[in-house]
1. Within region 76-100, restricting attention to residues that are among the acidic types (Asp, Glu) and at pLDDT 95 or above, which residue is surrounded by the most Cβ atoms within 10 Å (Cβ to Cβ)?
2. Exactly one of these conditions fails for LYS39: (1) over 16 Å from MET1 (Cβ atoms); (2) modelled with pLDDT of 95 or more; (3) of a type in the set (Lys, Arg). Give me its number.
3. What do you reckon, is GLU37 surrounded by 10 or more Cβ atoms within 10 Å (Cβ to Cβ), within 12 Å of the chain's Cα centre (by Cα) and of a type outside the set (Lys, Arg)?
4. Take region 40-62 and flag every residue that is closer than 20 Å to GLU82 by Cβ and not acidic (Asp, Glu).
Amino acid sequence: MSIAECSRLLKIKSPNTIADYLKRLNLAERDFLTWDEVKEILALREFLSLSPGQNSKAMFVLLRSRNQLSTIFKENHINIEEKLERIKNDYYQQQRQTQR
């Protein structure tokens, strides 16, 4: 999926924000994203929203490398897989509507 499509699905309005996320996740050179990459961006957004002003993109990358994000999401009752499935459903439903 395109970067613009990913931004729309994740409700990221600023091109600077998505560019910053892609850079932080080492995805900046991509024109298209896989669902796993969309999941990473979603997880980053969710992590940042837990403690605005305290949680940082650098902290996300560090915790991800230590495999500690799933614990944080569980403690805060955030199910990334479930959220991603809803986003996928929205995406595929929109694709079907545009093909008609």
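1. GLU85
2. (1)
3. Here the answer is yes, as GLU37 does meet what is asked.
4. Scanning region 40-62 gives ILE41, LEU42, ALA43, LEU44, ARG45, PHE47, LEU48, SER49, LEU50, PHE60.
The values are calculated or read from the model by the stated rules, or taken from the named source; none is laboratory data. If you're wondering where the values come from, they're calculated on a predicted model, not measured in any experiment. Cβ sites come from the backbone with ideal geometry, for glycine too, and all protein chains shown count toward neighbours.
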